[in-house]
1. Place a label point 7 angstrom from the Cα of residue 292 along the Cα-to-Cβ direction, then list the residues of the stretch 104-147 whose backbone nitrogen is under 17 Å away.
2. How many times 2.2 N^0.38 Å is the alpha carbon radius of gyration of the stretch 19-90?
3. Starting with the highest mean, order 146-154, 56-64 by the number of other Cβ atoms within 10 Å, averaged over the residues of each peptide.
4. Evaluate the relative contact order of the stretch 302-365 (contact order divided by residue number), counting alpha-carbon pairs under 8 angstrom at least 6 apart; express in whole percent.
5. List the relative contact order of the chain as a percent without decimals, with contacts defined as Cα pairs under 8 Å and 6+ residues apart.
6. Is the shape of the stretch 178-309 best called rounded, prolate or oblate, per the rule: a/c under 1.5 gives rounded, else a/b larger than b/c gives prolate, else oblate, with a ≥ b ≥ c the square roots of the Cα gyration tensor eigenvalues?
7. Can you tell me the length gained on complete extension of the stretch residue 264 to residue 2, counting 0.36 nm per residue apart and subtracting the Cα distance?
8. Just to compare against my own numbers: the Cα pair-distance distribution for the stretch 1-151, 5 Å bins, whole % per bin, please.
Ligand SMILES: Cc1cc2nc3c(=O)[nH]c(=O)nc-3n(C[C@H](O)[C@H](O)[C@H](O)COP(=O)(O)OP(=O)(O)OC[C@H]3O[C@@H](n4cnc5c(N)ncnc54)[C@H](O)[C@@H]3O)c2cc1C
């Protein structure tokens, strides 16, 4: 037994877990078949955002944003941390009417937020199309470049580049036949988790992104339509929502799409067209910008939109950290923190119950 903790998967979640256990003075090994941060983590937008789809989602995203904030003084420049804030755009009066309750919800849970009138919306983002009703600003949300964040978080861990073929409580067997074991095994393999545990209730949900050439000054905040939750948290087979992020380089990262049932990772032109058309309804200048790259990635989706964080079945030494859907970059830090408390049997800063895998019958006994 060469490590205290063995982590399968070197995405942002596995890397955050590595850091959390290393901080406890434990010996950590990550097994990753590709590059650290090369899976869904490299495909994501890197938006660190507090979301209010449920109490449990709010608690996890808020705690995790706080933990990211604590890291800011240490983050290397490659992580490209920027406190952009999230500006949710209300397309019409009906969406604007939902802003006041949202504001009370955030403020009563100690997350700073502001209601923007139409005038203040356009002062904040002059390039938005005319006619929007207003907005909702969460100024402390931020953006990072997640693959570099994962590489940084994983520093200090022993990294084995290999494909894991089978798992047996706390022990993994690699494709090359080698075996590794540890006191605790963390499964942080994102949507690939079902390749090794076929019954785990996680489904791949494909997403497309596009990035423009450099157009500095066009957008100042991460801009999202208030209707985004309908796309993110609905169950439709195919949806798009306006979601644009300004990068440090002056480029605009344009999202986002969601698809269930996609069986390949190729970029689908009809999805890119739908996504860009949606974005242009909010930022008409996008039609005049060059798109220099498009790509896809797969989110690990659960039916209740919450991740699986905790013991897998009654297996003593196997723990799950997957199912983060479109929020894994945000919630990686709190996931790692929860796992350290669950394993040590100590009280975590947030209640772990809503995220325990045992809420699904497939993850009991
Ligand atoms: C288009 C898109 C936009 C997104 N935008 C955001 C956003 O703005 N903010 C946010 O918070 N989240 C966002 N997400 C979600 C986020 O990217 C994911 O939730 C997160 O990256 C998941 O991290 P992970 O470590 O669980 O998985 P991954 O990054 O997929 O890492 C899992 C790793 O496990 C490895 N692995 C799997 N099986 C094996 C095996 N058998 N042997 C060895 N290695 C193995 C894989 O190679 C992979 O590197 C977005 C996702 C997409 C697709």
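Only the coordinates and a few stated rules stand behind these numbers; no lab work does. Owing to the predicted nature of the structure, the values given are computational and were not obtained by experimental measurement. Methodologically, a virtual Cβ is constructed for each residue, glycine included, from the backbone with ideal geometry; neighbour enumeration extends over all protein chains shown.
1. 145
2. Working: Rg = 15.1 Å, N = 72, 2.2 N^0.38 = 11.2 Å.
My calculation over the Cα atoms of the stretch 19-90 gives 1.35.
3. Peptide ranking by packing, descending: 146-154, 56-64.
4. Relative contact order, the stretch 302-365: 41 percent.
5. On the way: 831 pairs, mean separation 85.5, N = 365.
The normalised contact order for the chain reaches 23 percent.
6. Prolate, since a/c reaches 1.5 and a/b exceeds b/c.
7. 90.6 nm
8. Pair shares across the bins are 2, 9, 14, 16, 16, 14, 11, 7, 5, 3, 1, 1, 0.
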